[in-house]
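Working notes, structure below.
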Ligand SMILES: Cc1cc2nc3c(=O)[nH]c(=O)nc-3n(C[C@H](O)[C@H](O)[C@H](O)COP(=O)(O)OP(=O)(O)OC[C@H]3O[C@@H](n4cnc5c(N)ncnc54)[C@H](O)[C@@H]3O)c2cc1C
């Protein structure tokens, strides 16, 4: 009998797993359960900003799933897993049996327990439904609670739709899990120059509704009135349905499902991938949740290859964050904090340039880049810095060169074997892919050029 694969979650981890399974094995049965449609959350900022239509957010429609021979169960949740019986229970009371199960249930937006923060009209901007809710009314003054990665990814869209935007961040800096204090200060100043109000060290005590608007009480007695509140105060893996299953979770807040180097959980035949999985970190080998899209894609593919009978080991994911907000780009990789390590820092606040390289002898183990989005060097250097850290190559005399010429990452990258190593490395052995191609051939190519276009052609920032 054909193997029965069951995938829970139609985000990037689940969808990439389906593509990989089908590329390896044309015969197996594949079923998909998801409470939401199949789409990519990281595309939501473009939808919010009006740059793409709703269909551009989607990653698979009925005909795509039909072509791949996937039976879909959308709009339902799984409520429990019984690994002994190899069966899941759905919240509509039905059951589904499986031979191999992939848990790709992602994460959900966390809500701090603050009085009034759970009332109607308080929006997360985590799901497509949240995005639609935000777009459903005109907003003049929006307060964003939390100035972390997700808040920054939606900032341009919110600024485009609101007269006034205020950040409230409890920590003493913006992007506390992505940037050090110096680079965060550069980002904060840039936003303030663009008219975004940024309040760091600001604790929200409570919220109430006054005359159809929101009144926020801050510690210290100050209050703030606005007409929309976006909560971006972190995410937590969706693991509630595993209670009583015996499947092992990590410990502490934000813990995910523990998986081994084949992405298998503590239960035989049950795998986990993406935001919900606590898998190996490339540098430390410790198991951590890396809630970003590239990790979800890698996890989904590796888990699926193993589910299909291949033996594929996953080396681990590199922690990374990349974003652009109001024309300033920022990224950080690996051990960007560099506590107790040697670091090279270059800072030119007038030109909005900040670079930090973190060293272990002659190996780059972490880094931060901040620079104007339209500066071509900064855009290209993001990939090269990532490549150097990801491969962990010894730079020998090029360490001294980079310390003397911290903006010339390109020469160092080309001299190093990092590019060759990356070109030869594959996540899965052989070419395991469904062949690529466009999901929606009827969608026209976008004709609108971004501001980057001229810069990339002329090499000169505009
Ligand atoms: C606005 C925004 C911008 C982002 N920008 C970036 C970016 O620039 N770069 C980047 O790397 N990452 C970005 N991310 C993060 C990225 O989208 C996530 O890391 C990625 O979606 C994780 O994929 P996943 O498949 O693990 O989970 P998800 O995409 O969350 O998909 C999981 C699916 O499973 C469903 N589900 C959960 N529980 C159940 C259940 N019990 N039964 C059935 N279904 C269930 C969920 O509702 C969801 O539809 C962004 C996220 C957001 C919200």
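Data overview
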item: Residue 326 versus residue 197: modelled label distance in nm, points set 7 Å from Cα along the beta carbon direction; result: 1.3
item: Residue 205 versus residue 424: modelled label distance in nm, points set 7 Å from Cα along the beta carbon direction; result: 6.3
item: Potential lengthening between residue 284 and residue 362 on full extension [0.36 nm per residue; Cα-Cα distance subtracted]; result: 26.3 nm
item: Residue list for the range 311-355, given a label point 7 angstrom along the Cα-to-Cβ vector of residue 46 and an amide N cut-off under 18 Å; result: 322-327
item: Stretch gain in nm, segment residue 140-residue 118, where the contour uses 0.36 nm per residue and the Cα spacing is subtracted; result: 5.8 nm
item: Residue 225 paired with residue 172, simple spin-label distance in nm, labels 7 Å along Cα-to-beta-carbon; result: 3.4
item: Contour excess over end-to-end distance, with Cα ends at residue 132 and residue 55 and 0.36 nm allotted per residue; result: 26.4 nm
item: Spin-label proximity, residue 99 to the range 252-277 - amide N less than 16 Å from point 7 Å beyond Cα toward beta carbon; result: 268-271
item: Pairwise FRET efficiency - residue 293 versus residue 160, Cβ, R0 = 25 Å, nearest 0.05; result: 0.65
item: Gap separating the Cα centres of the range 241-281 and the range 320-345, nearest whole Å; result: 28
item: Using a Förster distance of 22 Å, the FRET efficiency for residue 67-residue 36 (Cβ separation, nearest 0.05); result: 0.55
item: Sequence-separation-based contact order of the range 341-387, relative, with Cα cut under 8 Å and 6+ spacing, percent; result: 26
item: The range 7-74, relative contact order [Cα under 8 Å, separation at least 6], %; result: 39
item: Computed E for residue 80/residue 343 - FRET, C-beta separation, R0 60 angstrom, nearest 0.05; result: 0.80
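Only the coordinates and a few stated rules stand behind these numbers; no lab work does. All of these numbers come straight from a predicted model, not from anything done at the bench. Backbone-built Cβ (ideal geometry, glycine too); neighbour counts: all protein chains shown.
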